[in-house]
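Undergrad: One structure is given below, represented as structure tokens, and several questions about it will come after.
The values are calculated or read from the model by the stated rules, or taken from the named source; none is laboratory data. Keep in mind that this is a model prediction, so the values were computed, not measured. All Cβ positions, glycine included, derive from the backbone under ideal geometry; neighbour counts span all protein chains shown.
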Amino acid sequence: MASKQFNVLIKGKFLPPRLMANLEATFTTFRLWEAADQNAYLNEIGSKIDAIVTSGNAVMGASAALIERLPNLKVICSNGVGYDAIDIEAARARDIIVTNTPEVLNDCVADLGMALLLDVARRVSEADRFTRAGKWTQGRFPLSCKIGGKVCGIVGLGNIGQAVAKRAQAFGMDIHYYTPRSRPDVPFTRHETIMSLAQRADFLVLTLPGGAATRHLINADILQALGPKSYLINIARGSVVDEQALIQALEKGQIAGAGLDVFEQEPQVPEALRQRDNVVITPHIASSTEETMGAMADLVFENLQAFARGDAVLTRVV
């Protein structure tokens, strides 16, 4: 199919400018988010659309309802490794191909995971606020927590989890992990349950996929098992943590603190988390470096180009 005869629905504006430029230069594109009446717009263009370009976060995605509105949809290309906001079953039912962007973001997501771990343990952001407020003249900043020799417990030892493990090892941490199936290819200590891992971990780092199967996997019981000297680090999806249970655990001193890049109702972050000195929060930026966003944008574009040419896509999910 000639490129300009290939019609692409761009789900939202939160895509890299590099990707947007490539899409609009190569294909016929339709900007859904700009439509004053999206329902009427889909009635007008729905039957023309061959592809959706979106991302896997909750703001974007591709719902079953949207997929149903596009009777000739053939492929959904997502800018991100997670695809829990895309209705995979609805796509599979119609043999619609779904692609994502794995591998290219592993290092930067793991980097931010370690940054959050270091920040909340050594109280870096808190110390920054303390110093800027002129409090140093009134006394010394409180002591923080050493990470060397501590247990880094990783939930989900996929590519990102292994990248976190490599970094944590460089800081002298002992690596424990939980996955549903054994990983004899890694030299780390596996736990049969998340509960067992939480009981042993000084830092519980979440790198597992989002979606219905993992929703609220980290609940009040897991947080209580983690204990008052241990920390939660989430670079996975906000949905994997029961946010209200986390707030209560922090307020009761059941855990020492948390480093969070993702939240249940993004971009809304509960004030109870925003106001706590022992919580470090970032706005879902784990993959947000120029290098990684560029690589992700290129992979989305390469997948779409391959499909439009009639070739196999590079990173197929479904």
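Undergrad: Quick test of your reading of the structure: residue 207 fulfils all but one of (1) surrounded by fewer than 19 Cβ atoms within 10 Å (Cβ to Cβ); (2) touching a Gly at 6+ places or on another chain (Cβ under 6 Å). Name the failing condition by number.
TA: For residue 207, the exception is condition (1).
Undergrad: Sticking with this structure for a sec: For the structure I just gave you, tell me whether residue 115 is more than 25 Å from residue 310 (Cα to Cα) and not in a loop (DSSP other than H, G, I, E, B).
TA: Yes.
Undergrad: Oh, and also: Checking residue 93 against (1) surrounded by fewer than 22 Cβ atoms within 10 Å (Cβ to Cβ); (2) among the hydrophobic types (A, V, I, L, M, F, W, C); (3) modelled with pLDDT under 95, which single condition isn't satisfied?
TA: (3)
Undergrad: Take residue 254 and tell me if it is among the polar types (S, T, N, Q), outside any loop (DSSP other than H, G, I, E, B) and under 24 Å from residue 123 (Cβ atoms).
TA: It is false that residue 254 is among the polar types (S, T, N, Q), outside any loop (DSSP other than H, G, I, E, B) and under 24 Å from residue 123 (Cβ atoms).
Undergrad: Which of the numbered conditions does residue 121 fail, given that it passes all the others? Conditions: (1) under 26 Å from residue 31 (Cβ atoms); (2) in contact with a strand residue (DSSP E or B) (Cβ under 8 Å, 6 or more places away or on another chain).
TA: Single failed check for residue 121: (1).
Undergrad: In region 293-313, what residues are within 21 Å of residue 109 (Cβ to Cβ) and over 21 Å from the mean Cα position of the chain (by Cα)?
TA: Scanning region 293-313 gives a single hit, 302.
Undergrad: Being touching a strand residue (DSSP E or B) at 6+ places or on another chain (Cβ under 8 Å) and hydrophobic (A, V, I, L, M, F, W, C) is the filter here, so list the residues in region 223-244 that pass it.
TA: Scanning region 223-244 gives 223, 226, 232, 233, 235, 236, 240, 241.
Undergrad: Here are 258, 245, 297, 236: which of them is small (Gly, Ala, Ser), buried (at least 17 other Cβ atoms within 10 Å of the Cβ) and outside the structural domain of residue 125 (by TED's automatic domain parsing)?
TA: Going through 258, 245, 297, 236 in turn, just one is small (Gly, Ala, Ser), buried (at least 17 other Cβ atoms within 10 Å of the Cβ) and outside the structural domain of residue 125 (by TED's automatic domain parsing): 297.
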